[in-house]
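These notes are about the structure you will find just below.
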Amino acid sequence: MAADFLSVERLTVAFGGVFALKDVSFAIDEGRTTAILGPNGAGKTTLFNAISGAVRPTAGKIRFLGEDISTKSPSSRCHSGIARTFQITQPFGGLSVIENVMVALATKGASMADARREAATYVDFVGLTAKAEDPARVLSTGQRKRLELARALATHPRLLLLDEVTGGVDRPSIPELLSLIRRLREERRITIVVVEHNMEVLLDLADDAVFLNRGEVVVTGGMEEVAGHEAVRSIYLGDIDAAA
Ligand SMILES: Nc1ncnc2c1ncn2[C@@H]1O[C@H](COP(=O)(O)OP(=O)(O)OP(=O)(O)O)[C@@H](O)[C@H]1O
């Protein structure tokens, strides 16, 4: 059943006395793009950390493809098909673009030539072929985001968690980045969960949304429906007006 793709069930994460997430439940269908919305401190990053395995739940479960992954290591989750990009991208600056992707390749035991060939397909997919041999440190922010997507692709993900994909990217480069993300879904059938502050981008990209505040789910549903919710409008109003 589609709802078995990813389900978060009564998830609670506490840091000492601080509840970053409280009893959070929602499900994600395969092939959809879902936005995680919320003001600063709402728990969005903690939710990504809990799904990718960087933090352990205090209570509750996360199921991926029907299996409880709550206590699995980050690398075992990555192996099951969960990949994540970070708000601040961290490529190996001294390595070339293609070497950065080769390092991330999930193919164990492949020859260097095979790894390079496979990495080249991901570098090409994200539009960085012309930069393939350049050191990653010379890339612009937008190009670094693309490299991160190529590195994520190298792990053969079925679920991709994107953290602030347009953060720090110059405005003219955003449409191409968004069309690349749409292609991840359409051509590679990757299910996407995105944290992003730009409402215009979210309305363009996401089918569904989960709005968190102070660690709790306030509303879930279709992206447009959630964007119209009073609490969401009051936080993202500037962006909604800018999109009008
Ligand atoms: N490692 C930690 N130790 C203690 N408290 C933490 C830790 N990580 C997060 N928190 C707290 O948990 C709450 C949720 O934080 P989180 O970073 O998940 O929110 P967020 O929605 O991603 O915020 P932002 O939009 O500012 O990135 C905040 O009150 C934060 O201070």
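The values are calculated or read from the model by the stated rules, or taken from the named source; none is laboratory data. Worth saying up front: this structure is predicted, and the values here are computed from it rather than measured. Counting neighbours? That spans all protein chains shown, and the Cβs are built from the backbone with ideal geometry, glycine included.
Quick notes on this structure:
- Complete set of residues in segment 58-73 that are surrounded by fewer than 20 Cβ atoms within 10 Å (Cβ to Cβ) and touching a residue at least 24 places away in the same chain (Cβ under 8 Å): T58, A59, G60, K61, R63, L65, G66
- In segment 1-46, residue surrounded by the most Cβ atoms within 10 Å (Cβ to Cβ) [restricted to those that are more than 8 Å from the ligand (Cβ to nearest atom) and assigned to a helix (DSSP H, G or I)]: D4
- So T71, is it within 16 Å of the ligand (Cβ to nearest atom) and either of a type in the set (K, R) or over 30 Å from E230 (Cα atoms) (or both): no
- Selection status of P157, modelled with pLDDT under 90 and either buried (at least 16 other Cβ atoms within 10 Å of the Cβ) or out of contact with any Cys (no Cβ under 8 Å at 6 or more places or on another chain) (or both): no
- For segment 47-68, taking the residues that are part of a helix (DSSP H, G or I) and small (G, A, S), the one that is nearest to the ligand (Cβ to nearest atom) is identified as A50.
- Selected residue (criterion: surrounded by the most Cβ atoms within 10 Å (Cβ to Cβ)) from residues of segment 74-100 that are without any contact (Cβ under 8 Å) to a residue 40 or more places away in the chain and within 21 Å of V195 (Cα to Cα): R77
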